[in-house]
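Student: A single structure is presented below for examination.
Readers should treat all values here as calculations from the given coordinates under stated rules, not as data from a laboratory. Everything quoted here is computed from the prediction, not taken from an experiment. Cβ placement follows ideal geometry from the backbone for every residue including glycine, while neighbour counts extend to all protein chains displayed.
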Amino acid sequence: MRQELGRELSLDYVSVVKKPGIRVFMRKGRAVGNPLQGTHCYLYRRYHLGVPAHDVLVVSSKPKSRKTKSGEKVEVSAEPVVLRVYELGRGKVVGEAYALRAAEEYLRLTRLNFWNLETGAHKLALPVKMAHTLAYMAALGIPISA
């Protein structure tokens, strides 16, 4: 196929950690609150499973407020996802800028088919959510047809 296109193709592997156990806060003067939807920042480069990877923290949706037992509305903290961009079989080292571009593309995909008035976007991008649903169905033994 790449001969037909006349281009070199490369494959990037990005994993999405849905529950990283991290909470993110933003300072607003002297007060502390939730970060804005769409906030992303580079965390670090590390080795994961023996492969160099870059972790980027992404806040893709607004947190919903919840009601306590007494009926009082309480704002919950933002729950981000972590994108882990792996350096697989590349001649060059993937840098911080490349990982941040992957986060920006992920943020664009969270708007795909999830636009709603309450939160604006879903925490997971549509392709990630569909892959998760299909994997869950396969684990339950539900036949999946194309």
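Student: Per DSSP H run of n ≥ 4, the term is -39500 (n - 2.57); total these for the chain, divide by its residue number, and report the mean residue ellipticity at 222 nm rounded to 500 deg cm²/dmol. Let's see the in-between values first.
Tutor: Details: 3 runs with 33 residues, N = 146.
When only DSSP H runs of four or more count, the value is -7000 deg cm²/dmol.
Student: Can you tell me the 0 to 90 degree angle between the C-alpha axis of helix 126-139 and the longest principal axis of the chain, rounded to 10?
Tutor: Approximately 80 degrees, to the nearest ten.
Student: Take the chain, connect every pair of alpha-carbon atoms lying under 10 Å apart with a spring to form a Gaussian network, then pick out the residue of V17, V76, V32 with the largest mean-square fluctuation.
Tutor: Answer for the Gaussian network model of the chain: V32.
Student: If amide hydrogens are placed 1.01 Å from N in the peptide plane, which non-local residues have theirs closer than 5 Å to the one on L43?
Tutor: Here the answer is D55, V56, L57, since their amide H atoms fall under 5 Å of that of L43.
Student: What relative contact order, as a whole-number percentage, does the chain give when Cα pairs under 8 Å and 6 or more residues apart are counted? Intermediate values should be presented prior to the final figure.
Tutor: Numbers: 226 pairs, mean separation 32.9, N = 146.
It rounds to 23 percent for the chain.
Student: 5 Å is the cut-off here: which amide hydrogens, built 1.01 Å from N in the peptide plane, fall below it relative to A78, excluding neighbours closer than 5 in sequence?
Tutor: Answer set, sorted by chain and number: V24.
Student: Report the FRET efficiency, 1/(1 + (r/R0)^6), for R108 and K69, where r is their Cβ-Cβ distance and R0 is 35 Å, rounded to 0.05.
Tutor: On the way: r = 39 Å, r/R0 = 1.11.
About 0.35, to the nearest 0.05.
Student: Here is a further query. Suppose the chain between H48 and K18 were pulled fully straight at 0.36 nm per residue; how much longer would it get relative to their current alpha carbon spacing?
Tutor: Details: separation 30, 0.36 × 30 = 10.80 nm, distance 1.65 nm.
Extra length from H48 to K18 when fully extended: 9.2 nm.
Student: To the nearest whole percent, what portion of all C-alpha pairs in the chain is separated by more than 21 angstrom? Each step should come with its number before you reach the end.
Tutor: Numbers: 6016 of 10585 pairs.
Above the 21 Å cut-off, the chain has 57 percent of its Cα pairs.
Student: Separate question: Among the lysines, which have Cα under 21 Å from the Cα of K67 when same-chain residues fewer than 8 positions away are ignored?
Tutor: Within the straight-line limit of under 21 Å, K67 reaches these lysines: K123.
Student: On C-alpha positions alone, give me the angle between the axis of helix 96-110 and the longest principal axis of the chain, in degrees, nearest 10.
Tutor: The angle comes out at about 70 degrees.
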